[in-house]
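Student: Pasting a structure here, questions to come.
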Amino acid sequence: MPDQTIPVGESKLPDQVAPASRNAEELHPVRYFIRFTLLQRYMHAIMFTTFLGLAATGLTIRFSTNAWAQHFAFAIGGFGTILFLHKFCAVILSLEFLYHLQNIAVRILVRKEKGLLWGPDSMVPNLKDLKDIIGNFRWFFGRGPKPKLERYAYWEKFDYWSVFWGMIIIGLSGYVMWFGPFFGKFLPGWALNAVQIVHGEEALLAATFIFSIHFINAHLRPDNFPMDTTIFTGTQTEEEFKERHPEEYERLMAQGRLEQQVTTKPPTWLMNFSKVTGFTAVLIGVLLLVLSVSAYFRE
Amino acid sequence: MSPLGKLKKVWAKSLLSSNISQLRWPESETHNPSIKSASLLTARFPLSGRTLSLFTTDKSGAKRPRRLSSSPIAIAGNPAIAMGFIRWKPFVAACAVLLLASFPLALQAQTDCLSCHGDVTMQDAAGHNVGVDGNTFHSSVHSDLGCSACHSSITAYPHPDHPQAVKCVSCHADEAAALVGSVHEHSGDQPCTTCHGTAHAILPKDNPKSAVYPLNIPATCGKCHGDAAMARQHHLANVYPQYMDSIHGYAVSQEGLLVAANCASCHGSHHVLSHTNPKSPTYKTSIPDTCGKCHAGIRTQYVAGVHGTALASGNLNAPSCTDCHTAHTIGQPTMAQSTPMCGSCHQAQLSTYRDTFHSQVSNLGSYVEVARCSDCHGQHEILPASDPRSPVNPANLVKTCGRCHQGANAGFVKYSPHANPHNRHISPLLYYIRLFMVLLITGVMTFFLLHSLLWLIRSLIEKAHGGSVKGEK
């Protein structure tokens with residue numbers, strides 16, 4: 001979720017006057033840059049928590065003939081609990097989505113932030129993304145240099161828009177099922193059947209995509225392995241910044257805005273908390289992925 | 001005991017001066033009776049006042065029991081007995097007394113036999129046990145009969161070398177006739193005693209200790225039909241444990257409920273036929289009537305429904321009671337197992353039901369009310385959707401669906417609970433929606449998995465060559 005109101009971070013550099021210290025980090029301090037605002041980090045936290053809850057309960061319903069689904073349902077109190085938790089997470093995620101829409105609308109209509117819809121900081125796909133895709137594939141095959149990415153890589157934009165699209169599709173179809181008699185007054189009969197197919201399959205896509213592709217791209221690929229904590233701490237090191245978003249780094253430097261983004265090193269507790277939370281989420285996700293994919297191909 | 005039976009007992013006690021039937025010979029005298037106090041062992045005729053010794057002296061001078069028979073002809077032919085009556089009664093009275101006297105005389109005859117056979121350890125030359133417990137026999141249903149009523153070939157001592165086998169048929173002709181043609185006809189040398197128990201201890205069937213008392217029948221049949229080896233040998237299901245765990249078995253064995261179905265309630269007793277025999281009460285078309293003997297209300301519903309009418313019209317594929325409830329286990333197909341049960345015939349419907357939310361809820365436990373087959377279609381009186389009385393008739397759907405879905409309306413019930421998105425001809429729209437979703441999943445996942453795989457390979461190559469990916473630009 002893009003947010004251009006990037007707060008000005010702590011730009012004061014750590015005290016370099018430490019002659020007694022032999023610590024390389026203190027002699028050549030690592031600079032940290034803000035990538036995500038506190039709001040964005042909280043939004044992501046709420047989203048992945050409710051998403052895990054929705055996936056765990058939803059996949060249990062989707063693959064209800066499997067022993068693991070039945071044991072899980074039994075363990076947490078049966079179908080009533082499963083459906084309650086599913087709806088509970090769904091309502092929270094829906095509210096978050098509505099808040100995000102409101103946030104976007106205010107920034108576009110009230111604050112007139114033009115950069116939100118186009119430009120290098122926008123989430124909206126553009127020609128450069130197409131060039132990056134082609135460039136990346138050329139690089140995969142050794143036919144060219146690694147493309148220099150802007151603030152949001154094309155796969156990150158895909159993550160955002162697939163979630164955006166999924167929220168609308170899965171959310172609406174879910175509410176139609178939840179309030180069937182109400183929607184039955186307007187919708188044709190086949191639509192009531194279609195919502196279940198759409199809800200189940202789109203959710204299966206969302207779960208498998210997040211638990212495999214998103215995890216690989218964000219955490220498990222060699223560059224980021226084992227964990228990229230940027231979304232939890234909100235910061236990245238200068239080295240990471242130059243490596244992952246070189247185009248943005250150079251652009252900010254050219255505009256003279258780079259120093260505005262510098263912040264302090266995240267506290268140790270936050271680093272540890274990020275790792276524990278991230279690993280937990282990845283483990284739960286991978287477990288659900290393995291169970292779901294094996295169940296899907298046994299159907 | 002019947003009034004006539006009581007009269008016979010009273011008569012017997014008054015007739016005999018001592019309770020001879022309870023007498024036991026001293027061990028040393030069992031086979032060589034030389035009784036000194038013979039006066040005790042006499043019968044007194046109250047009408048004449050004369051006494052009759054129960055022993056005679058043979059030519060060698062040894063005492064041996066007098067042979068008495070219960071048959072009127074034998075009595076008439078026995079001068080000692082005949083003289084007891086003829087002394088001073090008119091002819092009509094004598095005839096009446098003769099008839100009644102046959103009963104106490106039967107006891108008297110038993111006493112004679114028991115004087116030797118009362119030793120329960122007694123064995124014949126071949127080693128067979130020929131002892132009879134007098135107490136047990138006298139409380140049995142046959143206590144009023146003399147021994148020779150059944151052991152008809154043994155009328156004198158010494159006994160014939162090869163006495164004829166006892167034939168129950170000589171009295172129980174109807175039961176014997178029923179046994180002919182039944183599955184138990186050739187089931188052994190003694191088909192009667194296999195079920196009714198030891199010959200000298202048979203009790204009336206309303207006696208709670210009888211082997212064929214309703215509450216005891218399962219255990220009696222289970223002697224063979226609870227034997228796994230026997231079941232294998234005769235290609236039978238080992239049904240006894242299944243029955244005992246069923247609601248019928250529980251009612252009989254745990255609650256002592258006389259009206260609960262025991263084996264004989266469904267299979268009959270003497271004329272048990274295979275369920276493949278059209279005359280059997282357990283033949284498929286007869287089962288509704290057999291179960292309906294008790295479950296009359298359910299039977300009425302069943303015969304009105306599609307299953308009942310189909311079976312009545314000769315369609316043997318239509319389910320009878322036991323096809324859904326099973327014969328001996330008596331399942332309760334209202335719970336989760338009802339869907340596979342119905343689905344064993346209605347496969348396409350089960351398959352489409354499996355795709356629905358109803359099925360998913362059902363699979364995850366019965367903690368919430370959920371629609372299974374019978375919840376929409378009914379149980380025993382299942383009617384086609386075209387029938388206006390059917391709960392799934394379009395006119396009744398709002399009410400039927402509304403039992404669970406509050407606010408169900410005409411639009412809501414347009415939902416198809418058996419839609420088939422896998423079939424292009426039945427549900428084309430849903431088929432293409434599902435196809436689009438499957439292609440979307442396949443496309444997205446294929447592209448990005450390939451993307452990640454190539455990325456991984458390139459990263460590893462660069463790490464191997466340039467030392468660090470991060471150095472590459």
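Student: Look at B:PHE448 and say whether it is within 7 Å of chain A (Cβ to nearest Cβ), over 51 Å from the mean Cα position of the chain (by Cα) and at pLDDT 90 or above.
Tutor: On the way: within 7 Å of chain A (Cβ to nearest Cβ): yes; over 51 Å from the mean Cα position of the chain (by Cα): yes; at pLDDT 90 or above: yes.
Considered against the rule, which asks whether it is within 7 Å of chain A (Cβ to nearest Cβ), over 51 Å from the mean Cα position of the chain (by Cα) and at pLDDT 90 or above, B:PHE448 comes out as yes.
Student: Taking the condition of being outside any helix (DSSP H, G or I) and surrounded by fewer than 17 Cβ atoms within 10 Å (Cβ to Cβ), how many residues in region B:300-325 meet it?
Tutor: Total meeting the criteria: 5.
Student: Can you find even one residue in region B:137-144 that is farther than 20 Å from B:ALA201 by Cβ and aromatic (Phe, Trp, Tyr)? Please lay out each step first, then the result.
Tutor: The initial filter retains those residues of region B:137-144 that are farther than 20 Å from B:ALA201 by Cβ, namely none.
No, because not a single residue in region B:137-144 is farther than 20 Å from B:ALA201 by Cβ and aromatic (Phe, Trp, Tyr).
Student: Cβ-Cβ below 6 Å, separation at least six or inter-chain, first residue in region A:238-256 and of a type in the set (A, V, I, L, M), second assigned to a helix (DSSP H, G or I): which pairs?
Tutor: Qualifying pairs under 6 Å: A:LEU252/A:LEU258.
Student: Another question about this same structure. Does region A:221-247 hold any residues that are buried (at least 20 other Cβ atoms within 10 Å of the Cβ), within 13 Å of chain B (Cβ to nearest Cβ) and among the hydroxyl-bearing types (Ser, Thr, Tyr), and which are they?
Tutor: Hits for region A:221-247: nothing passes.
Student: Now, a different point. Give me the pairs, please: first residue somewhere in region B:401-416 and in a loop (DSSP other than H, G, I, E, B), second residue anywhere and buried (at least 20 other Cβ atoms within 10 Å of the Cβ) and at pLDDT 90 or above, beta-carbon distance under 7 Å, and either six or more positions apart or on two chains.
Tutor: B:HIS405/A:GLY180; B:HIS405/B:PHE412; B:ALA408/B:CYS401; B:ASN409/A:GLY184; B:GLY411/A:GLY184; B:TYR415/A:LEU192; B:TYR415/A:ASN193; B:SER416/A:ASN193
Student: Somewhere in region A:205-219, is a residue at pLDDT below 90 and more than 9 Å from every other protein chain (Cβ to nearest Cβ)?
Tutor: yes
Student: Considering region A:193-204 alone, what residues qualify as being facing chain B (nearest Cβ under 8 Å) and of a type in the set (Val, Ile, Thr)?
Tutor: Within region A:193-204, A:ILE197, A:VAL198 meet the criteria.
Student: Which residue out of B:ILE433, B:ILE382, B:ILE441 is at negative phi, buried (at least 17 other Cβ atoms within 10 Å of the Cβ) and touching a residue at least 60 places away in the same chain (Cβ under 8 Å)? Reasoning before the result, please.
Tutor: Details: B:ILE433 fails: touching a residue at least 60 places away in the same chain (Cβ under 8 Å); B:ILE441 fails: touching a residue at least 60 places away in the same chain (Cβ under 8 Å).
Matching residue, one of B:ILE433, B:ILE382, B:ILE441: B:ILE382.
Student: Let me ask something else. Say whether the condition of being within 14 Å of another protein chain (Cβ to nearest Cβ), outside any helix (DSSP H, G or I) and at pLDDT below 90 is met by at least one residue in region B:377-391.
Tutor: Checked against the condition, which is being within 14 Å of another protein chain (Cβ to nearest Cβ), outside any helix (DSSP H, G or I) and at pLDDT below 90, region B:377-391 yields no hits at all.
Student: Cβ contacts < 9 Å: first residue on the phi > 0 side of the Ramachandran plot, restricted to region B:196-207; second residue surrounded by 15 or more Cβ atoms within 10 Å (Cβ to Cβ) and part of a loop (DSSP other than H, G, I, E, B), any location; separation 6+ or different chain. Result?
Tutor: Pairs found: B:GLY197/B:LEU203; B:GLY197/B:SER210; B:GLY197/B:ALA211; B:GLY197/B:VAL212.
Student: Considering only residues that are small (Gly, Ala, Ser) and loosely packed, with under 15 Cβ neighbours inside 10 Å, which ones fall in region A:112-146?
Tutor: Restricting attention to region A:112-146, the residues satisfying the condition of being small (Gly, Ala, Ser) are A:115, A:119, A:122, A:135, A:142, A:144.
Within region A:112-146, A:GLY115, A:GLY119, A:GLY142, A:GLY144 meet the criteria.
Student: Next question, about the same structure. Determine if region B:238-245 includes at least one residue that is modelled with pLDDT under 90, within 23 Å of B:CYS294 (Cα to Cα) and either part of a loop (DSSP other than H, G, I, E, B) or more than 13 Å from the chain's Cα centre (by Cα) (or both).
Tutor: Looking through region B:238-245, none of the residues is modelled with pLDDT under 90, within 23 Å of B:CYS294 (Cα to Cα) and either part of a loop (DSSP other than H, G, I, E, B) or more than 13 Å from the chain's Cα centre (by Cα) (or both).
Student: Among the candidates A:VAL8, A:VAL17, A:VAL91, A:VAL30, single out the residue that is surrounded by fewer than 16 Cβ atoms within 10 Å (Cβ to Cβ), over 25 Å from A:VAL293 (Cα atoms) and at pLDDT 95 or above.
Tutor: A:VAL91
Student: I'd like to check something: does region A:93-100 contain any residue that is away from chain B (no Cβ under 12 Å), part of a helix (DSSP H, G or I) and acidic (Asp, Glu)?
Tutor: Step one: list which residues in region A:93-100 are away from chain B (no Cβ under 12 Å), which gives A:93-100.
Within this subset, residues satisfying the condition of being part of a helix (DSSP H, G or I) are A:93-100.
From what is left, the residues that are acidic (Asp, Glu) are A:96.
Yes, there is a match, as at least one residue in region A:93-100 is away from chain B (no Cβ under 12 Å), part of a helix (DSSP H, G or I) and acidic (Asp, Glu).
Student: I'd like the full set of residues that are in a loop (DSSP other than H, G, I, E, B) and surrounded by 12 or more Cβ atoms within 10 Å (Cβ to Cβ), limited to region B:259-273.
Tutor: Of everything in region B:259-273, those that are in a loop (DSSP other than H, G, I, E, B) and surrounded by 12 or more Cβ atoms within 10 Å (Cβ to Cβ) turn out to be B:ALA260, B:ALA261, B:ASN262, B:GLY268, B:SER269, B:HIS270, B:HIS271, B:VAL272, B:LEU273.
Student: Within region A:180-221, track down each residue that is in a helix (DSSP H, G or I), of a type in the set (A, V, I, L, M) and more than 16 Å from the chain's Cα centre (by Cα).
Tutor: Result: A:ALA191, A:LEU192, A:ALA194, A:VAL195, A:ILE197, A:VAL198, A:LEU204.
Student: Being more than 8 Å from every other protein chain (Cβ to nearest Cβ), over 30 Å from A:ILE210 (Cβ atoms) and either free of Cβ contacts under 8 Å to residues at least 12 places away in the same chain or hydroxyl-bearing (Ser, Thr, Tyr) (or both), is that true of even one residue in region B:456-464?
Tutor: Within region B:456-464, one or more residues are more than 8 Å from every other protein chain (Cβ to nearest Cβ), over 30 Å from A:ILE210 (Cβ atoms) and either free of Cβ contacts under 8 Å to residues at least 12 places away in the same chain or hydroxyl-bearing (Ser, Thr, Tyr) (or both).
Student: Additional query: Taking region B:274-299 as the region of interest, how many residues are in contact with a Leu (Cβ under 7 Å, 6 or more places away or on another chain), in a loop (DSSP other than H, G, I, E, B) and not hydroxyl-bearing (Ser, Thr, Tyr)?
Tutor: 1
Student: If you take the residues of region A:140-179 that are hydrophobic (A, V, I, L, M, F, W, C), at the interface with chain B (Cβ under 10 Å from one of its Cβ atoms) and not in a helix (DSSP H, G or I), which of them is farthest from A:PHE36 (Cα to Cα)?
Tutor: Top of the filtered list is A:PHE179.
Student: For A:TRP190, are the conditions met, namely being surrounded by fewer than 18 Cβ atoms within 10 Å (Cβ to Cβ), more than 18 Å from A:TYR152 (Cα to Cα) and facing chain B (nearest Cβ under 9 Å)?
Tutor: Yes.
The values are calculated or read from the model by the stated rules, or taken from the named source; none is laboratory data. All of these numbers come straight from a predicted model, not from anything done at the bench. Quick reminder, even Gly has a Cβ in these numbers, built from the backbone with ideal geometry, and neighbours come from all protein chains shown.
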